[in-house]
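Quick notes on the structure that follows.
Any read-out appearing in this document is the output of simple, stated calculations on the displayed coordinates, not a laboratory observation. Everything numeric here is computed off the predicted structure, so don't read it as measured data. Glycine also receives a Cβ, built like all others from the backbone with ideal geometry; neighbour counts cover every protein chain displayed.
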Amino acid sequence: MSDPSSPSFSEPVSAGSQATLSPDDPTSHSEGMPPRHVGSMADIQKNGSVEGGLLTLVATPIGNLGDLSPRAVNAMREADLVLCEDTRVTARLFSEFNIQARAEPLHEHNERQRVPGLIARLEEGQKIALVSDAGMPLLSDPGYRLVRAAIKAGVPVTAVPGPNAALTALVLSGLPPHPYLFVGFPPPRSAARRESFAVLRAAERAGLRATLIWHEAPHRLAEMLADLAVVFGDARPTVVARELTKRFEEVRRDTAAALATLYEQAPPRGEITVLVGPPGEKEDADPADLDRQLEAALATSSVKDAATLVATTVGLPRKVVYARALELSAARKK
């Protein structure tokens, strides 16, 4: 997740604007816990804890360059190769932090083809850092195939944690922070999107109680929120977090229906994360009676149309509702 067009993304980081803590300062560690010092890749290699190649997943800022950690900078500086989604985006980090490493693209269109060659380089002893345009690699970003291949090949894999849009939105949302389920991007088309939401709604009816998290493109936000309202209910608590850590950061909290109307009238811009709270007790205390609704729909509609209508209403997968509709229709004919 990234929006390099945001004015704050490329805003220079002033050396005097960030507070720093000494590694030995007790305030820099969790209370009551002894300080732990994590070295750079060069330190690890010197101490002999890692031999041969190393794949490091490096989190990068989701908007504010001040969020890039010293460990992340060192990981990229010391790498033989930095893999990135878009070399033009990563070049900004290199320029700001004087990183001279070689950068090459790794994205959804070339990852499968590049993995064998990259594994060979790791097995030869090279150190490779993987970054995304913004946030943690693999989470709605490339890198999963490479990590799986590295693990299979016995290549050490480590990570430099850092910024993450989904978790940042979660802690700002006011919704229950755990459990949560990060879903990624929903399908772009409404029918498939509603079907994917219906699967989650069915899981809720089976007992799932979690805050649900998605990313979404700004031009599809209003339609997505409208579909959320249809499947999860007009009144379900919903949060839209936009442009997190940037100059125009915004977090709006309302119902799915109200937010759908808002963004229909005022289309948003920037990087967007959408969260839906878990169902309330009252919502499931009086669950929809599937058979009753199907019986009513079958009185005036075909099996196919009745199943489609009721599936949307109750938030269950259409295949499940259709199978039950066939059973009820057969019973009516006896």
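Work out the FRET efficiency for Glu249 and Ala299 from their Cβ-Cβ distance, taking R0 = 51 Å, and round it to the nearest 0.05.
Efficiency, from the Cβ-Cβ distance: 0.50.
For segment 41-163, go through all pairs of different Cα atoms, get the mean of 1/r, take its inverse, and jot down that Kirkwood value in Å. The answer is 14.2 Å.
Length gained on full extension, Phe185 to Thr261: 25.3 nm, using 0.36 nm per residue less the C-alpha separation. Couplings 3J(HN,Hα) for segment 298-306, derived from phi with the Karplus relation 6.51 cos²θ - 1.76 cosθ + 1.60 (θ = phi - 60°), are 5, 5, 10, 9, 5, 4, 4, 5, 5 Hz, where x marks Gly and Pro.
Explain nothing, just the number: dipole magnitude of segment 288-333 about its Cα centre with +1 on each Lys and Arg Cβ and -1 on each Asp and Glu Cβ, in debye rounded to the nearest 20.
160 debye
Computed 3J(HN,Hα) for segment 76-83, one whole-Hz value per residue from the Karplus formula 6.51 cos²θ - 1.76 cosθ + 1.60 where θ = phi - 60°, is 6, 4, 8, 6, 6, 8, 10, 8, glycine and proline marked x. Take the convex hull of the alpha carbons in segment 288-333; its mean projected area over all directions comes to 2.6 nm².
So, counting K/R as plus one and D/E as minus one, what does the shell of residues with Cβ under 12 Å around Arg194 add up to? Here the count lands on +1.
Counting every other Cβ atom within 10 Å of each residue's Cβ, Glu78, Glu96 order from fewest to most as Glu96, Glu78.
So how far, in whole Å, is the C-alpha centre of segment 128-186 from the one of segment 297-317? Comparing the Cα centres of segment 128-186 and segment 297-317, I get a distance of 38 Å. Charged neighbours of Val147, selected by a Cβ distance under 14 Å, balance to +3 (K, R count +1; D, E count -1). Exposure proxy for Asp305, Asp141: other Cβ atoms within 10 Å of each Cβ, ordered fewest to most, give Asp305, Asp141. In percent, rounded to a whole number, the relative contact order of segment 288-333 is 40, using alpha-carbon pairs under 8 Å and six or more apart. Residue-wise HN-Hα couplings along segment 163-174, as the Karplus relation 6.51 cos²θ - 1.76 cosθ + 1.60 with θ = phi - 60° gives them from phi, are x, 8, 5, 5, 6, 4, 5, 4, 6, 8, 6, x Hz; Gly and Pro carry x. For segment 172-271, the set of chymotrypsin sites (Phe, Trp or Tyr not before Pro) satisfying both a DSSP loop assignment and a count of at most 13 other C-beta atoms within 10 Å is given as Phe248. Computed over segment 166-280, the P(r) curve from all C-alpha pair distances, binned at 10 Å from the origin, holds 15, 53, 29, 3, 0 percent per bin. Using a simple spin-label model with pseudo-atoms 7 Å out from Cα toward Cβ, Ser329 and Ala235 lie 3.4 nm apart.
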